[in-house]
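Readers should treat all values here as calculations from the given coordinates under stated rules, not as data from a laboratory. What you see is a predicted model; the values in this text were computed from it and never measured. No Cβ is skipped: glycine too gets one built from the backbone with ideal geometry, and neighbour counts run over all protein chains shown.
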Amino acid sequence: MASEPLIIWTAPTHIYTEKKPDWYWAVGLITLALAAVSFMFGEIITGIFIVVAATALVVHASRPPHIVRHEINDRGIMSDSTLYPFLTLESFWIPHEVAIPRILIKSRKTFMPLIVMYIDEVDPEEVRAVLLKYIAETEHREPLLKHVLEWLGF
């Protein structure tokens, strides 16, 4: 059964920073150094894993973000074609100290990380007012690793 959208907006999937050639050189040299140390200690599998993981990170970090359609309806929060039902969501938080508005959503599912959705085109207070009707507002913080990776350009 289709639900009537209460609020709709589009936003990027992640924050993108343009990569300069120096960034690729730095990641490549660090990767090669770590892999060489692993190989010197006889950890062949670890060395191969480091190279594969770094390659995957570079490929992922080089892609510009996709624009995603977000929607809040009476059943839950839709992000493109993925529905996060309100019954599976514990709480949300819209931090005010960040430059780019976003919603941090905590799920009741054990292995689901904090869901981060960027807010664009609509007022964050309007999104907050709609979400308060369905789930609790509790302060959440983004993981430190996410901030470190963003600072490093990933």
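Here are the numbers for the structure shown:
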| read-out | value |
| --- | --- |
| Cross-link pairs beyond the 27 Å C-alpha cut-off, checked among 20/109; 20/106; 20/146 | 20/109; 20/106 |
| Ellipticity estimate at 222 nm from DSSP helix runs (n ≥ 4, -39,500 (n - 2.57)) divided over the chain, nearest 500 | -11500 deg cm²/dmol |
| Label-point separation in nm, residue 90 to residue 116, each point 7 Å along Cα→Cβ | 1.9 |
| Hypothetical label at residue 41: residues of region 54-79 whose amide nitrogen lies under 19 Å (7 Å Cα-Cβ projection) | 54 |
| Dipole magnitude of the chain about its Cα centre (Cβ charges: Lys, Arg +1; Asp, Glu -1), debye to nearest 20 | 460 |
| Förster radius 30 Å - calculated FRET efficiency between residue 18 and residue 83 (Cβ-Cβ, nearest 0.05) | 0.35 |
| Computed FRET value (nearest 0.05) for residue 25 with residue 107, which takes r as the C-beta separation and R₀ as 35 Å | 0.35 |
| Label-point separation in nm, residue 99 to residue 69, each point 7 Å along Cα→Cβ | 3.0 |
| Footprinting exposure proxy for 92, 41, 49 (fewest neighbouring C-beta atoms within 10 Å first) | 41, 49, 92 |
| Projected label distance in nm at residue 34 and residue 152, using a 7 Å step from Cα toward the beta-carbon | 0.6 |
